[in-house]
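The block underneath contains the structure these notes are about, expressed in C-alpha cells.
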Amino acid sequence: MTSAARRGHRPTVAAPLAVLREAAAGTRRHRAGTVLVALVVATACAAVLLSSGRAVAVRDAVLTRLDEVALRTVVLRVTSPEWSLPPALVDTLDRVDVVEEVTGFGAPVDLVHADLPSGTPVAARTAYGRGFSSERDLAVAGPQAVVSAQAAADLGLGGRAAGALRDPDGAVVPVTGALEVPEHLAAFEPLVLLTGTAADPGPITVVVAQVAHVEDVLVLETLARDLAAPPGPDLLTIETAAALAQVRMAVSGDLLRAERATLVLSVAGASVAVAAILLVLVVLQRKDFGRRRALGATRALVAGLVLAQTALVATVACAVAGAGTWVWLHLTAPSGAPRPALVVAVGTLVVLVACAAAVGPAVLAARRDPVRELRVP
C-alpha cells in the first residue's frame with residue numbers, strides 16, 4: 001500500500017516508483033502465486049524458443065544452404081557460331097538491382113604449354129565485366145593471358161602463373177599473372193582469360209550472372225531472355241536453378257506456417273494459464289484489495305498494482321528462461337541458436353501477453369466492494 005493510502009487520503013495519481021515498490025513487495029508476500037505465474041511464463045517463453053526458435057534456426061540454415069552461389073547463378077549460352085550476345089547486355093544486367101556480379105565470355109580457344117605441344121589443352125576466353133577481383137584480371141595490355149591455379153597445373157606450368165602458351169595457329173601467348181576465380185565461375189575451371197576490354201570485348205558467347213537471392217533467379221531469367229532477344233528460339237539457352245528456387249520458396253512458406261502455429265498455441269496456452277492463476281489469487285486476496293479500497297486506494301491504483309506485479313514477474317521469468325534456453329540451444333542444437341533479436345522479441349511478446357491476460361483479474365480486483373469484503377459476520 002502507498003504512503004498516501006496509509007494516511008487515509010485518496011491519491012489521484014500514483015507515483016510509478018511507488019507502484020513498482022508496492023508490486024515488488026506484493027510478489028514477495030504471495031510467493032506461491034508469484035512462483036506459479038513465473039513458471040507458466042518461463043515455460044511458455046522456453047517452449048516458443050525451443051520450438052519456433054529452433055525452427056527459425058533450422059529455416060535459416062536450410063535457406064542459407066539453398067542460397068549457395070551455384071543456385072543463384074544464371075548462365076546464358078549461345079548455341080550457334082553465327083550469332084553472339086552484344087556487350088551492352090552485360091552492362092545492362094550489371095545495372096539491375098538484383099544482380100550482384102555479371103561476366104561475359106568470348107568463344108573458347110584451346111591453348112597448350114608453348115614447350116609441350118602434346119600437353120593438355122585448356123580453353124581460354126576473352127572476358128568482359130566485373131566478375132573478378134581487379135581490373136587487371138579483365139584488361140591486360142596486349143595478347144596476354146592470366147590463369148587460375150587449376151589451369152596452371154593442367155597446362156604444366158609447375159604451379160606458377162608464368163610461362164608461355166600456344167594457340168592452334170602457333171601464336172605464342174605469354175602468361176602474365178594468376179587469376180582468382182570467383183565462386184560463381186567455378187564451373188568454368190580450369191580458367192584462362194585472354195585480353196578482353198570494354199573497347200573491344202569481341203563476340204560474347206556466354207554470360208554468367210549472379211543474383212542476390214535464389215528467388216530472383218526466375219526474374220532474371222525472364223529479363224535476360226527479353227534483353228538478349230535472340231533471332232531464333234534455338235540460338236540461346238539459359239541455365240538456371242529455377243526448380244530449386246521454387247523449392248526454396250515452398251520450404252520457407254512451410255516452415256513459416258509451422259512457426260506461427262507453434263507460437264500461437266504456446267502463447268494462447270500461457271495466457272489462459274496466467275489468467276486462471278491470477279483469478280484464483282484475486283479471489284484469495286479479495287480482503288486485501290477491499291482493505292486498500294477502504295483506505296482510499298483508487299480502482300486504477302489497485303488494477304495497476306495487479307498489472308505491475310504480473311509485468312514484473314513475467315519480465316524476470318522471460319529474461320531467465322530466454323537466456324537459459326538460448327545458451328542451451330547454442331551448446332546442443334546442430335542448427336545453432338536463434339538470433340538474440342528473436343529471443344528478445346519472443347520474451348517481449350510473452351510479457352505483453354501475460355499482461356493482457358492479467359487485465360481481467362486486475363479489473364475484478366479493482367471492483368471489490370470494501371464494505372462487503374471487510375464486513376464482519
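Looking at the structure I just gave you, is Ala107 in the same structural domain as Ala228 (by TED's automatic domain parsing), exposed (fewer than 14 other Cβ atoms within 10 Å of the Cβ) and small (Gly, Ala, Ser)?
no
Scan the range 317-343 residue by residue and report those that are within 16 Å of the chain's Cα centre (by Cα) and either closer than 17 Å to Val267 by Cα or not assigned by TED's automatic domain parsing to the domain that holds Leu39 (or both). Steps first, answer last, please.
So in the range 317-343, the residues within 16 Å of the chain's Cα centre (by Cα) come out as 335-343.
Hits for the range 317-343 are Leu342, Val343.
Given the structure, is Val346 closer than 23 Å to Pro16 by Cα, surrounded by 15 or more Cβ atoms within 10 Å (Cβ to Cβ) and touching a residue at least 24 places away in the same chain (Cβ under 8 Å)?
The answer is no for Val346.
Take the range 72-86 and flag every residue that is in a strand (DSSP E or B) and in contact with a helix residue (DSSP H, G or I) (Cβ under 7 Å, 6 or more places away or on another chain). Show your work before the answer.
Step one: list which residues in the range 72-86 are in a strand (DSSP E or B), which gives 73-78, 85.
Thr73, Val74, Leu76, Leu85, listed by residue number.
The values are calculated or read from the model by the stated rules, or taken from the named source; none is laboratory data. Everything numeric here is computed off the predicted structure, so don't read it as measured data. Counting neighbours? That spans all protein chains shown, and the Cβs are built from the backbone with ideal geometry, glycine included.
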